[in-house]
Amino acid sequence: MKIRHRITNKLFAWYFLLVLIFYGTILVFYVNVQKIMSISEDIVNKNYKISSSSKKMIEDLLNMEENEQKYRILKKKNYLDYFINAQKDFETNLNEILQLKSNETLISKDWIELDNSYRKFLNSLKDTKEADSSELLWVPEEMINEWIQRISKARLQNEHDVELATRELNHQGQMTVKSGLIGLGVSIIMGLLGSIFLTRSMILPIRELQKGIKSIAKESLSEQIRIRSKDEFGELAAAFNEMTFRLKEEERMRSDFISMLSHETRTPLTSIRESVNMIVEEVMGPINDRQRKFLEISSSEIGRICDLMNHLIQVSRLESGVIKIQPYPLDPSILVSKCRYHLKPLAESNDITVKIEMSKDIPLVMGDPENLQQVILNLMGNAIKFSPRGGRVLVRVEPDENIQMLRVSISDNGPGIPEEEQSFIFNKYYRAKNVRKHSDGVGLGLSISKHIIEAHNGTIWVKSALGHGSTFEVRLPIA
Ligand code: ADP
């Protein structure tokens, strides 16, 4: 499988998007702040300047007018000096305002008109002076009034400009806050969506893999897992599926081999056992006690091998579904009593007490008597086998009305099963570490029992603690 969208690429795309939003917001912020700065610079450098200079100019004009009149009446030189100073001040302020224009700042055309009018007046004054060479400073009152009017108009215009600029400043400020909030909101939403998407795209395949691995741990085989993403997880899923396919193939080959071996050896073993039995029964002639003893040992060992072969064949048939369960209503008390009867010699030889507790009015269960008997025999047999001498086995049969099931529990005071091994004991050939010293048993009984109970739509599980005995519980559907 070819990886198309690597996880790192997805993560990179996500980070890239977040960084893009972040820097986009910063850029908008920067542009807005620049605008705010330029507007405030305009207000400080131009409008305030015009405002203060124009105020002084009006004062200068009024001073000029006043001092001229005083000089005319009193003929004191001081007033002439005051007049000249006021005039100079007026010119300086006018020049400063006109200077703004040369700095490429827009100024009202009233200032230019005022300047023209003032220069024109000065020129006309020069001509007059030259004509009558007097010290006449005369600025007609109408002229002064006209200039004051012009300055007031320009001042008004300037105040209006300040108001507009302040409004623009406010607007830009709001825009900056808005764009900042939008950037923040978008990055939070994208961050959340991205993390949800990325987490989902990682968690789902991990869960799927976990399921597959768990099912391998539980049943030793797993179904193929479905991960459709084209990233590393997809590749991992493909590798996992390949592994389960190979495991299944190997399991199938092993089962086939064991089944073939069991079938092939069962017939010769049966005839060997029959022959040995016939010799023991002296059909071929008399034998001595020593010969009988060895032949009986051989017969019992051959019997054990035959049982093992039968179990192996049964497992392979149950797994392949060849054995079909044919359930019909059964009385569970008869089933349990029969099992106790069969196991009586084993229990007595180990000095084990088997107690059966049946609640009243036990309902019938749906089951196949032979197969269910095998399960109960196996569970009771294990309980007796693993209990210490003088131990006690308790079989309890009671209905579970809530779920329409019959509960059969078999408890012992044997060694118990370590918790970490409890999920494995229903697997084929598994034997818990603490009881492997028991020579009899190959770890097939519980696997067969589980298959049989599940084929009855029932359940089987164990509750146990190391050193505190075990309780196996079977639930079967009520008829
Ligand atoms: P076998 O008894 O032939 O070993 P089983 O499939 O019946 O095989 O049991 C599998 C394993 O489960 C046993 O080897 C043992 O470790 C554990 N086990 C089963 N029943 C008991 C029990 N009553 N007490 C303790 N361990 C048990």
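Throughout, read-outs are computed from the coordinates displayed, never taken from laboratory work. These figures come from a predicted structure and were not determined experimentally. Here the Cβ positions follow ideal geometry from the backbone for every residue, glycine too, while neighbour counts run over all protein chains shown.
Annotations for the structure displayed:
- Only lysine pairs 8 or more places apart, or on different chains, with alpha-carbon atoms under 20 angstrom apart are counted in region 22-95, and they number 9.
- In loop segments of region 421-458 as defined by DSSP, the trypsin sites (Lys or Arg not before Pro) with at most 12 further C-beta atoms inside 10 Å of their C-beta are Arg436, Lys437.
- DSSP-assigned coil residues among GluC sites (Glu not before Pro) in region 252-293, each with at most 15 further Cβ atoms within 10 Å: Glu281, Glu282
- The chain: relative contact order as a whole-number percent, Cα under 8 Å and 6+ apart: 12 percent
- For region 211-333, the pair-distance distribution built from all alpha carbon pairs, in bins 10 Å wide starting at 0, is 11, 23, 20, 20, 14, 7, 3, 1 percent.
- Estimated 222 nm signal from helices in the chain, with DSSP H stretches of n ≥ 4 weighted -39500 (n - 2.57), rounded to 500: -24500 deg cm²/dmol
- Rounded, prolate or oblate (a/c below 1.5 giving rounded, otherwise prolate when a/b exceeds b/c) for region 8-87 by Cα gyration tensor: prolate
- Basic side chains Lys and Arg get +1 at the Cβ, acidic Asp and Glu get -1 at the Cβ, and with that the dipole of region 407-479 about its Cα centre reaches some 120 debye.
- Per-selection Rg to Rh, region 312-455 - Cα, Kirkwood hydrodynamic radius: 0.96
- Zone of Ile182's modelled label, taken as backbone nitrogen in region 25-48 under 15 Å from a point 7 Å along Cα→Cβ: 25-33
- Likely footprinting exposure, His451, His342, His311, fewest C-beta neighbours within 10 Å first: His342, His311, His451
- Among the trypsin sites (Lys or Arg not before Pro) found in region 310-397, those both in a DSSP coil and sparsely packed, with 13 or fewer other Cβ atoms within 10 Å of their Cβ, are Lys324, Lys360, Arg389.
- Computed from Cα atoms, the angle from the helix 109-132 axis to the main principal axis of the chain rounds to 20 degrees.
- Sequence ranges 410-422, 70-82, ranked by mean other-Cβ count within 10 angstrom, highest first: 410-422, 70-82
- Amide proton proximity set for Arg6, modelled H, under 5 Å, gap of 5+: none
- Crossing angle, helix 445-455 versus the chain [Cα axis fit, 0-90 degrees, rounded to tens]: 70 degrees
- Equivalent-ellipsoid semi-axes of region 167-272, from the Cα gyration tensor, Å, largest first: 65, 10, 5
- Inter-site label distance for Ile216 and Arg167 at 7 Å from Cα along Cβ, in nm: 7.4 nm
- Remark: region 320-479 carries a charge dipole of roughly 480 debye about the Cα centre, counting +1 on each Lys and Arg Cβ and -1 on each Asp and Glu Cβ.
- For region 149-204, the square roots of the Cα gyration tensor eigenvalues, ordered a ≥ b ≥ c, give a/c of at least 1.5 with a/b greater than b/c, which places it in the prolate category.
- In terms of its C-alpha gyration tensor, the chain has a prolate overall shape, because the principal axis ratio a/c (a ≥ b ≥ c, square roots of the eigenvalues) is not below 1.5 and a/b outweighs b/c.
- Neighbourhood charge, 13 Å Cβ-Cβ cut-off, centred on Leu330 and excluding it, Lys, Arg +1 and Asp, Glu -1: -2
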